[in-house]
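Asks: Here's a structure for you.
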Amino acid sequence: MDPNVLNIFLKPGEFYFGDGRTCIHTLLGSCVAITLWHPQLLIGGMCHYMLPTRGRNRHLSAGHFADEAIQLFLQAIEKWKTDSNDYEVKLFGGGSMIPDNQRGSSESGIPWANINIGKTLLQQYGFKIKACDVGGNGHRKLFLELWSGDVWVQTNRLTQPG
């Protein structure tokens, strides 16, 4: 590991936005991560949300919910005096943690609700999604390098027993 790189690990519900030699990483199952990166200023961030909206979850922080995580991005964009159109936006996660042969429709439940709200909110706020790796089953390890904008995804699919 490079000692000159600040490594930030996001747990579910966390958000980070910054610059410099920073690598933001997380582990996703049914949760979704959105990454934003500004190619001229080399700034950006990541959120790791668990649910589409707050509902009755009064005790959890804003980063746990897609609609509130988008607001955190908008605040960061305003703080850095940039525009949402300046960012490369990518969407990841929303995997089912149940093997294919043990679940119903592959496009239902919390994972797909998380994916759909993410796409809808990004479009609503004028973001253009450059890349998307969502759905399926299993988990993803995700890394965003702020100095380059590179996003690395390691996918670990669930295997069928026997």
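Each reported figure results from applying straightforward, stated rules to the coordinates on display, with no laboratory input. Treat the numbers as computed from the prediction; the structure is a model and nothing was measured. We place every Cβ from the backbone using ideal geometry, glycine too, and count neighbours over all the protein chains shown.
Asks: So for the chain, averaging the separation of alpha carbon pairs under 8 Å that are six or more residues apart and normalising by length, what relative contact order in percent results? Provide the component values of the computation, followed by the final result.
Replies: Working: 365 pairs, mean separation 45.7, N = 162.
The normalised contact order for the chain reaches 28 percent.
Asks: In bins 10 Å wide, starting from 0, what share of all Cα pairs of the chain does each bin hold, as a percent?
Replies: 11, 41, 34, 12, 2, 0
Asks: Can I ask one more? In debye, nearest 20: dipole of the chain around its Cα centre with unit charges on the Cβ of K, R (+) and D, E (-)?
Replies: My answer is approximately 400 debye.
Asks: Can you compute the modelled spin-label distance between Thr82 and Val5, with each label point 7 Å from Cα toward Cβ, in nm?
Replies: It is 1.9 nm.
Asks: Going by how many other beta carbons lie within 10 Å of each one, how would you line up Ser30, Ser148, fewest first?
Replies: Exposure proxy ranking, most exposed first: Ser148, Ser30.
Asks: Taking only Cα atoms, what is the 0 to 90° angle, nearest 10, from helix 109-124's long axis to the longest principal axis of the chain?
Replies: 30
Asks: Which of Gly138, Gly109, Gly55 moves most in a GNM of the chain, Cα contacts under 10 Å?
Replies: Gly55
Asks: While we're here: As an exercise, take the mean of 1/r over every pair of distinct alpha carbons in segment 22-73, invert it, and state the Kirkwood radius in angstroms. Provide the component values of the computation, followed by the final result.
Replies: Numbers: mean 1/r = 0.0839 Å⁻¹.
Value: 11.9 Å, from the Cα pair sum.
Asks: Given R₀ = 25 Å, FRET efficiency for Gln123-Arg58 by Cβ-Cβ distance, to 0.05? Provide the component values of the computation, followed by the final result.
Replies: Details: r = 28 Å, r/R0 = 1.13.
Between Gln123 and Arg58 the formula returns 0.35.
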